[in-house]
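> Got a structure for you, written out below as structure tokens; questions coming shortly.
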């Protein structure tokens with residue numbers, strides 16, 4: 001099974017007046033990964049081959065391993081904003 005990632009996002013902007021607005025956001029991230037491998041000791045002068053002969057590599061299905069990784073993230077954000085116009089100067093406040 002290949003690595004699968006899914007990300008869902010949703011956001012809303014609401015303008016209450018010319019000066020006040022609200023913003024909210026939600027994101028859901030889902031990650032899934034499966035790894036399969038074999039731990040293999042290479043051939044050398046010293047035998048670690050579990051009785052398969054001197055200097056041979058230890059290449060047996062007993063050295064197979066598997067790992068499954070799953071992770072979820074939920075992210076929330078909100079922000080009120082206030083904008084004031086004073087003598088042609090714009091001032092913005094973000095809380």
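The values are calculated or read from the model by the stated rules, or taken from the named source; none is laboratory data. Note that this is a predicted model, so its numbers are computed, not measured. FYI the Cβ positions are ideal-geometry reconstructions off the backbone, even for glycines, and counts take in every protein chain you see.
> Got a sec? Which of 90, 67 is at pLDDT 85 or above and loosely packed, with under 10 Cβ neighbours inside 10 Å?
Within the list 90, 67, the selection yields 67.
> Now for a different question. Looking at residue 54, is it at pLDDT below 65 and under 30 Å from residue 36 (Cα atoms)? Even if it seems obvious, please write down each step before you answer.
Working: at pLDDT below 65: yes; under 30 Å from residue 36 (Cα atoms): yes.
It is true that residue 54 is at pLDDT below 65 and under 30 Å from residue 36 (Cα atoms).
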